[in-house]
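The values are calculated or read from the model by the stated rules, or taken from the named source; none is laboratory data. Just so we're clear, the structure is a prediction, and the values are computed from it rather than from any experiment. Neighbour counts run over all protein chains shown; Cβ positions are idealised from the backbone, glycine included. SASA here: full protein model, heavy atoms, side chains in, ligands and nucleic acids out. Shrake-Rupley method; radii C 1.70, N 1.55, O 1.52, S 1.80 Å.
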Number of protein chains: 2
Amino acid sequence: MATLAVPETIPSASEDAEQIWKACKGWGTDETAIITILAHRDATQRKIIRLAFEEQYKENLILRLESELSGDLERAVYLWIFDPVEREAIIANIAVKKNIDYQAIIEIACVNSPKELLAVKEEYHARYKRSLEEDIAVHTVGDFRQACTSELWHIYTLALLVSLVSTYRYDGDETDTGVVRLEAKTLHDAIKSQTFNHSEVIRILSTRSKAQLCATFNYYKDEYGIPITKALTSESPNEFALALRMAIRCIVSPQKYFAKVLENAVGKAGTDEDALTRVIVMHAEKDLKVIKEIFHKRTNATLKHAVGTETCGHYNSFLLALVGN
Amino acid sequence: MATLAVPETIPSASEDAEQIWKACKGWGTDETAIITILAHRDATQRKIIRLAFEEQYKENLILRLESELSGDLERAVYLWIFDPVEREAIIANIAVKKNIDYQAIIEIACVNSPKELLAVKEEYHARYKRSLEEDIAVHTVGDFRQACTSELWHIYTLALLVSLVSTYRYDGDETDTGVVRLEAKTLHDAIKSQTFNHSEVIRILSTRSKAQLCATFNYYKDEYGIPITKALTSESPNEFALALRMAIRCIVSPQKYFAKVLENAVGKAGTDEDALTRVIVMHAEKDLKVIKEIFHKRTNATLKHAVGTETCGHYNSFLLALVGN
């Protein structure tokens, strides 16, 4: 369930475009006016406003907003204005350019349905004239046969990302009990040996359907008495184990995962504005209501309160508008 | 250009279905009647005949033909009756069940456009309730760290197949000259060292766009004075090198590649009916005319003549009907 609040009656796209244009005109910018409009329009409405703005003022709205806004607000509005597929292609590209921000890539690869991921990859082609796969895979440098242990975990992590992004998973509900038992054991042995038999683990995680994987993880817990996510990080976890855990959490319970990301983003170690923006912007139109509830249960504080104390200024107003009441 | 010859005026699907039903009725089967109809109808017409047969006789045409025909003819008609996407999903599944027939899989992964490959993978999901990726990847058993050399080549080959099938390549014409030079050198070094630095070679072959790869292979030839396909197999080639060469040929010049497959299929070592059927059935409706011309130039014999001398009976009549004049 979404948190986005769109007024029952809204002005025409042409009027919205005019108000935004007025808010940008001359010295200074009326951020409040921009937020009041954009944070309360859905993806289709925002797209029509973009088109109306371009037609009326012969100017690209996104470029104009980039020049009018700055800092966290600019980044948040920039991501928000696109529709979900465009936005995720852009987030994936930012993640690739940031020397592979694997958190964002795992989220896109594992939270989306196979068809949604495909749509993001098609948008990536159209925008960047390359595939997401090649842009991640090209970072897989170094020969694993000569790598030291920490390099090896990094190489395995990249191989995991490439596979997660590449595969077109089956999306049905059928599960194969024999495969469940076999692969739960394979995963258990790989984790127990601490060698992580990476090719098998990557194969299972990246090619099996989500229904099949959920059945495998459930069986794992019943058979070995510990959730696989805990088993992966019971000892000092390496980069590969952390990436695996993240992928599993995104597959099994994305809302719980995102509530935890938000918890960390407003946690004691200072505010992580990038993560805060990403989760709120990506989910306001989708399932932020559920994420908020989980966040509330876990932290005994509302997300509204946390955003209120951790951010300020127009950035704060914008996020609060998306988080809703 | 196709070789399939559809008469200018054809009976209705209902009449075709009736003729086929009559050809199947009672003792014995009138194979000639079946061939005369089915080998001269395009994919859409064949689909409508299937539907008409099912409606008129409450029987599945494909199952009926399977029980009426046998041997090479049965296999050929079975593959032919489907449309190209269904057929390739079926061929991929047969290849998977045959302990990974890597030739068929490489053809499907590398000859199709990214969108065509995707359609085959979607059909595979619908038919087999699993992904093609997982069905190939599950064969990647064994730990490469403990594998002997020949096992290693086999593991690398399977990893190549999984990557070729998984990636959703960019399909545009743009090429990056810097990347061309860099990756031609990477490929050259990998081949020269005979270690095949498999992860890099697989990465390049499976993730780069076809336009980019063709530019890389052209540069390779200019820079190193030898086509990469020849370099790969200049010394006694291992399984991985042969698979790489096949993938490159399917990407660069599929028609030349298929002419060569036909040449081998009717070659001195006896007839390879499976390959002969696969290539003729898959291309009769697409580009068999071009493949035939290349075949003729290479062997100084027409494909019609070769099929005529290498096969017999109704199977022969069926292939000749598809090969055309």
All conditions in (1) closer than 24 Å to A:A109 by Cα; (2) at pLDDT below 90; (3) out of contact with any Asp or Glu (no Cβ under 9 Å at 6 or more places or on another chain) are true of B:G172 except (2)
Spot the failing condition for B:G270; the list is (1) at positive phi; (2) open to solvent by 50 Å² or more (accessible area, probe 1.4 Å), and only one is missed. (2)
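The rows are residues; the columns are (1) more than 15 Å from A:E285 (Cβ to Cβ); (2) of a type in the set (F, W, Y).
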{"position": "A:A5", "(1), (2)": "no, no"}
{"position": "A:K22", "(1), (2)": "yes, no"}
{"position": "A:G28", "(1), (2)": "yes, no"}
{"position": "A:L38", "(1), (2)": "no, no"}
{"position": "A:R50", "(1), (2)": "yes, no"}
{"position": "A:E55", "(1), (2)": "yes, no"}
{"position": "A:S67", "(1), (2)": "yes, no"}
{"position": "A:G71", "(1), (2)": "yes, no"}
{"position": "A:W80", "(1), (2)": "no, yes"}
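Conditions tested, residue by residue: (1) surrounded by fewer than 21 Cβ atoms within 10 Å (Cβ to Cβ); (2) touching a strand residue (DSSP E or B) at 6+ places or on another chain (Cβ under 6 Å); (3) more than 10 Å from every other protein chain (Cβ to nearest Cβ); (4) in a helix (DSSP H, G or I).
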| site | (1), (2), (3), (4) |
| --- | --- |
| A:A159 | no, no, no, yes |
| A:S163 | no, no, no, yes |
| A:Y168 | no, no, no, no |
| A:V179 | yes, no, no, yes |
| A:V201 | no, no, yes, yes |
| A:S206 | no, no, no, yes |
| A:K221 | yes, no, yes, yes |
| A:F240 | no, no, yes, yes |
| A:R245 | yes, no, yes, yes |
Please go through the range A:240-275 and give me each residue that is within 12 Å of the chain's Cα centre (by Cα) and within 19 Å of A:L79 (Cα to Cα), ordered by number. A:F258, A:V261, A:L262, A:D274, A:A275
Those residues of the range B:55-73 which are under 24 Å from B:D272 (Cβ atoms), open to solvent by 50 Å² or more (accessible area, probe 1.4 Å) and assigned to a helix (DSSP H, G or I), in sequence order: B:E66
Residues in the range A:133-148: is at least one within 9 Å of chain B (Cβ to nearest Cβ), within 28 Å of A:L276 (Cβ to Cβ), open to solvent by 40 Å² or more (accessible area, probe 1.4 Å) and touching a helix residue (DSSP H, G or I) at 6+ places or on another chain (Cβ under 7 Å)? no
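Can you work out which of the residues in the range B:181-199 that are within 13 Å of chain A (Cβ to nearest Cβ) and open to solvent by less than 10 Å² (accessible area, probe 1.4 Å) is modelled with the highest pLDDT?
First, the residues of the range B:181-199 that are within 13 Å of chain A (Cβ to nearest Cβ): B:182-183, B:186, B:189-190, B:193, B:195-199.
Those left that are additionally open to solvent by less than 10 Å² (accessible area, probe 1.4 Å): B:183, B:190, B:196.
Details: B:E183: 96, B:A190: 91, B:F196: 72.
Ranking the candidates gives B:E183 first.
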Determine which member of the set A:T44, A:T29 is polar (S, T, N, Q) and over 25 Å from the mean Cα position of the chain (by Cα). A:T29
Count of the range B:113-132 residues which are of a type in the set (S, T, N, Q) and open to solvent by 10 Å² or more (accessible area, probe 1.4 Å): 1
With (1) free of Cβ contacts under 8 Å to residues at least 12 places away in the same chain; (2) in a helix (DSSP H, G or I); (3) outside the structural domain of A:A109 (by TED's automatic domain parsing) as the list, and A:A269 as the residue in question, which single condition is left unmet? (2)
With the checklist (1) crowded, with 22+ Cβ neighbours inside 10 Å; (2) away from chain B (no Cβ under 14 Å); (3) more than 15 Å from the chain's Cα centre (by Cα); (4) of a type in the set (K, R) in hand, flag the one item A:R278 doesn't pass. (3)
For the range A:223-238, which residues satisfy the criterion of being in a helix (DSSP H, G or I), touching a residue at least 24 places away in the same chain (Cβ under 8 Å) and open to solvent by less than 60 Å² (accessible area, probe 1.4 Å)? A:I228, A:A231, A:L232
